[in-house]
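The values are calculated or read from the model by the stated rules, or taken from the named source; none is laboratory data. For clarity, every value in this text was computed on a predicted model and none was experimentally measured. Here the Cβ is made from the backbone with ideal geometry for all residues, glycine too, and neighbour counts use every protein chain on show.
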Amino acid sequence: MRVAIVPCLKDNFAYLVIEGGVAAVVDPGEAEPVLAAVAREGVRLAAVWATHHHMDHVGGLPGLLAAHPGLEVLAGERDAGKIEGVTRALADGDEFELAGVRGRVLHNPGHTLGAITFVIDGRAFTGDTLFGGGCGRVFEGDPAMMHASLERLAALPPATEVYFGHEYTAANLRFAAAVEPDNADVARRVREIPTPSTPSTIELERATNPFLRSHVPAVIAAAGARGAAADGASVFGAIRAWKNDFK
Ligand SMILES: [Zn+2]
């Protein structure tokens, strides 16, 4: 299995996941770059895997369905009704498949109520739930829900590659450095951000992403200075609120 990064719109990432000449596309924000990538890679597009219902992740669906009638379209069951052409709505733990390789869905509500992560072959396609050095805004859930979702992602094997939905890593790490000025891993990552910065790994996110570090004393202290209690959901909520206003 291999993955081709397909930049879309201003700073979105779609991904072609390729196995044995067959491809699935994750989060096609627009159709044209995806169709060009399919042609360039010489693969047959078989499926769309939608992490959530926002248009910058599924806006390419009409164009893809017009060019490839019969596409399988997978989405989380809580978001499926808001996404065109869904053929299968997935619940937490449901399996899916690409050319004989089996994956598993994690339901991670918070950014949207139906947000899911596609986990397959040591990779996690996290959409707008987990970013490089950050996380998505909590639009439909609440901080406790988003915190629980991120904790489940953090529990994936450390070597899992994280393919996220936007190129926000540099700005996210500026914020991470404000939360934890003494975190040497954050300082090193800031100096070494690749272009593009996707994929990351769970191990790197656990070391540098403040939204996976609500248990760390320095993060608890930073949240406490903003009035938060020491429990994980409160720490997460305070750090998320701080990030919303961070310039
Ligand atoms: Zn989104």
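For the stretch 172-190, check the following and say yes or no: at least one residue is in contact with a Leu (Cβ under 9 Å, 6 or more places away or on another chain), in a loop (DSSP other than H, G, I, E, B) and in contact (Cβ under 8 Å) with a residue 12 or more places away in the chain.
Among the residues of the stretch 172-190, not one is in contact with a Leu (Cβ under 9 Å, 6 or more places away or on another chain), in a loop (DSSP other than H, G, I, E, B) and in contact (Cβ under 8 Å) with a residue 12 or more places away in the chain, which makes the answer no.
I'm checking my understanding of the structure. Among residues of the stretch 142-170 that are assigned to a strand (DSSP E or B) and aromatic (Phe, Trp, Tyr), which one is surrounded by the most Cβ atoms within 10 Å (Cβ to Cβ)?
Phe164
Scanning the stretch 107-121 for residues that are outside any loop (DSSP other than H, G, I, E, B) and within 16 Å of the ligand (Cβ to nearest atom), which turns out surrounded by the most Cβ atoms within 10 Å (Cβ to Cβ)?
Filtering the stretch 107-121 for residues that are outside any loop (DSSP other than H, G, I, E, B) and within 16 Å of the ligand (Cβ to nearest atom), the one surrounded by the most Cβ atoms within 10 Å (Cβ to Cβ) comes out as Ile116.
Report yes if Ala50 is within 24 Å of Arg104 (Cα to Cα), at pLDDT 95 or above and touching a helix residue (DSSP H, G or I) at 6+ places or on another chain (Cβ under 8 Å), otherwise no.
yes
Being under 17 Å from Leu113 (Cβ atoms) and free of Cβ contacts under 8 Å to residues at least 24 places away in the same chain is the filter here, so list the residues in the stretch 47-91 that pass it.
Gly81, Ala89, Ala91
So which residues in the stretch 54-101 are crowded, with 17+ Cβ neighbours inside 10 Å and among the basic types (Lys, Arg)?
Matches in the stretch 54-101: Arg78 only.
Kindly check whether there is at least one residue in the stretch 114-131 that is modelled with pLDDT under 95, on the phi < 0 side of the Ramachandran plot and of a type outside the set (Gly, Ala, Ser).
no
Which residue is surrounded by the fewest Cβ atoms within 10 Å (Cβ to Cβ), if the candidates are limited to the stretch 28-53 and must be away from the ligand (no atom under 16 Å from the Cβ) and part of a loop (DSSP other than H, G, I, E, B)?
Here the residue is Gly42.
Just checking, which of Glu77, Glu97 is away from the ligand (no atom under 16 Å from the Cβ), among the acidic types (Asp, Glu), more than 24 Å from Val3 (Cα to Cα) and modelled with pLDDT of 95 or more?
Result of the check over Glu77, Glu97: Glu77.
For the stretch 197-226, what are the residues that are assigned to a loop (DSSP other than H, G, I, E, B) and either crowded, with 20+ Cβ neighbours inside 10 Å or at pLDDT below 95 (or both)?
Scanning the stretch 197-226 gives Ser197, Thr198, Pro199, Asn209, Arg213, Ser214.
Do you know which residues across the stretch 122-141 are near the ligand (Cβ under 10 Å from one of its atoms), in a loop (DSSP other than H, G, I, E, B) and either in contact (Cβ under 8 Å) with a residue 60 or more places away in the chain or among the aromatic types (Phe, Trp, Tyr) (or both)?
Matches in the stretch 122-141: Asp128, Thr129, Arg137, Phe139.
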